[in-house]
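Take a look at the structure set out below.
The values are calculated or read from the model by the stated rules, or taken from the named source; none is laboratory data. On a predicted model such as this, the values are computed, not experimentally measured, just so you know. Quick reminder, even Gly has a Cβ in these numbers, built from the backbone with ideal geometry, and neighbours come from all protein chains shown.
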Amino acid sequence: MVKPATLIRQYKQHSSDYASWDQKWHAKHWLVFPENMGANLAIDEVSLSNGELWTFLTNKAGKGRKGTLVAAIRGTRTADIEQILLKIPPELRLNVKEVSMDMAKNIESAIRSVFSQAKIVTDRFRFAYFVSRSPINST
């Protein structure tokens, strides 16, 4: 008969390593997990609760499981994305071969700057949606 809030507080303060977590001071704004890097990445912006926009960089090899998240960045500004992704060691960034993304120019600019060796691939599902909605294709 423990209240959920009490259980969460107990876990956070006593059972987890939250108090000594090295990313705690900036976790409300960004997180980076270079150990999750891979050759093929995907990046997208997501609207969380209350309309908060975050940009997520993921390792495609992780297939959404543990070890998939490479970076989470609050917002979608090119300069913010670049600044945080540059925290990933250069040797890991140079090993990236491909980054899949939608057609957002702000994110594309950041990716070209940070992953200079990578090929940028436009996500075909988003592209198909965009093209189908284009005034050129409407009759």
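Would you confirm whether any residue within region 41-51 is exposed (fewer than 13 other Cβ atoms within 10 Å of the Cβ) and touching a Lys or Arg at 6+ places or on another chain (Cβ under 9 Å)?
To start, the set of residues in region 41-51 that are exposed (fewer than 13 other Cβ atoms within 10 Å of the Cβ) comprises 46-51.
With the extra rule that they be touching a Lys or Arg at 6+ places or on another chain (Cβ under 9 Å), the set shrinks to none.
The answer is no; no qualifying residue exists.
For region 62-72, check the following and say yes or no: at least one residue is at pLDDT 85 or above, within 18 Å of ALA110 (Cβ to Cβ) and not in a strand (DSSP E or B). Within region 62-72, not a single residue is at pLDDT 85 or above, within 18 Å of ALA110 (Cβ to Cβ) and not in a strand (DSSP E or B). Can GLN23 be described as touching a Phe, Trp or Tyr at 6+ places or on another chain (Cβ under 9 Å), at pLDDT below 90 and not β-branched (Val, Ile, Thr)? So GLN23 passes the test.
Considering only region 90-123, state which residues are crowded, with 17+ Cβ neighbours inside 10 Å, outside any loop (DSSP other than H, G, I, E, B) and among the hydrophobic types (A, V, I, L, M, F, W, C). Listed by number, the residues that qualify are VAL99, MET101, ILE107, ALA110, ILE111, VAL114.
Residue by residue through region 48-83, note down the ones that are touching a Leu at 6+ places or on another chain (Cβ under 9 Å) and under 16 Å from HIS26 (Cα atoms). Passing the criteria: TRP54, PHE56, VAL70, ALA71, ALA72, ILE73, ARG74, GLY75, ILE81. Every condition in (1) surrounded by 13 or more Cβ atoms within 10 Å (Cβ to Cβ); (2) modelled with pLDDT of 75 or more; (3) part of a helix (DSSP H, G or I) holds for ARG126 except the one numbered (2).
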